[in-house]
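Working notes for the structure below.
The values are calculated or read from the model by the stated rules, or taken from the named source; none is laboratory data. Since the structure is predicted, the reported quantities are computational estimates derived from the model, not experimental observations. Methodologically, a virtual Cβ is constructed for each residue, glycine included, from the backbone with ideal geometry; neighbour enumeration extends over all protein chains shown. With ligands, DNA and RNA removed, areas are computed over all heavy atoms of the protein, side chains included. Shrake-Rupley method; radii C 1.70, N 1.55, O 1.52, S 1.80 Å.
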Amino acid sequence: MCDPAHTRNSCVNAIVALMQASVEPVTVDRSTLTHDMYALAAYLLRAANVGTFNAIAEMDLSFTQIKALCALEADGEERSVGALATSLGLSVAAMSRAVDGLFERGLVDREEDPDDRRMKRVRLTDAGLAVPRGLSEARLSALSDLRGSLDDEQAGALAHAAALILERREDIAAYRPAQEGSTP
């Protein structure tokens, strides 16, 4: 089993061994698989968090503001301040303050709801959309660093395992980011 305290190579080698075993029909110890997947995920998250937290610090946004931008980006549509607050488990007052700051910085547009003027609708601007995308780029950078550290056998095994999962799990494949130079 791969312990997060081990080096990156021992974690990657353990994962590659599991992936190679998945090519041949064998019985898998799912508990060991879970722990090894955790080791890989923990390594990747730890590596990605450094870049992500640095990007967050440079933006000078509150955690609530970042959550709001990410929620709006994930939905891909405008929402009322109240609906946004509810979805994030915050009070409408707290969300309203966060949205005010985002509006002042040009990260969101807000306007009265045409059916209920008491309600404000919020949507991302291009600058606001760049924030969650920038955070995704920081995470992708960590994955790219790992990919660059793999030898051909490890990269091939990882590519095979990822392709096998993504072919059969549309819910996971939906998170695949667009590649540079590709059209959406």
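Scanning the stretch 113-137 for residues that are part of a loop (DSSP other than H, G, I, E, B) and among the β-branched types (Val, Ile, Thr) returns a single hit, 125. With respect to being under 28 Å from residue 49 (Cβ atoms), touching a Lys or Arg at 6+ places or on another chain (Cβ under 8 Å), surrounded by 15 or more Cβ atoms within 10 Å (Cβ to Cβ) and at pLDDT below 90, residue 146 fits the description.
Please tell me if residue 127 is open to solvent by less than 40 Å² (accessible area, probe 1.4 Å) and either touching a residue at least 60 places away in the same chain (Cβ under 8 Å) or within 22 Å of the chain's Cα centre (by Cα) (or both).
Numbers: open to solvent by less than 40 Å² (accessible area, probe 1.4 Å): no; either touching a residue at least 60 places away in the same chain (Cβ under 8 Å) or within 22 Å of the chain's Cα centre (by Cα) (or both): yes.
Answer is no for this residue.
Just to be sure before I move on: is residue 97 outside any helix (DSSP H, G or I), of a type in the set (Lys, Arg) and farther than 20 Å from residue 177 by Cβ in the structure I sent? It is false that residue 97 is outside any helix (DSSP H, G or I), of a type in the set (Lys, Arg) and farther than 20 Å from residue 177 by Cβ. Apart from one condition, residue 14 fits all of (1) assigned to a helix (DSSP H, G or I); (2) at pLDDT 85 or above; (3) surrounded by 15 or more Cβ atoms within 10 Å (Cβ to Cβ); the exception is (2).
Residues in the stretch 65-94 that are open to solvent by 40 Å² or more (accessible area, probe 1.4 Å), not aliphatic (A, V, I, L, M) and not in a loop (DSSP other than H, G, I, E, B): 67, 70, 73, 75, 86, 87. When residue 110 is tested against (1) under 28 Å from residue 142 (Cα atoms); (2) surrounded by fewer than 17 Cβ atoms within 10 Å (Cβ to Cβ), exactly one condition is not met: (1).
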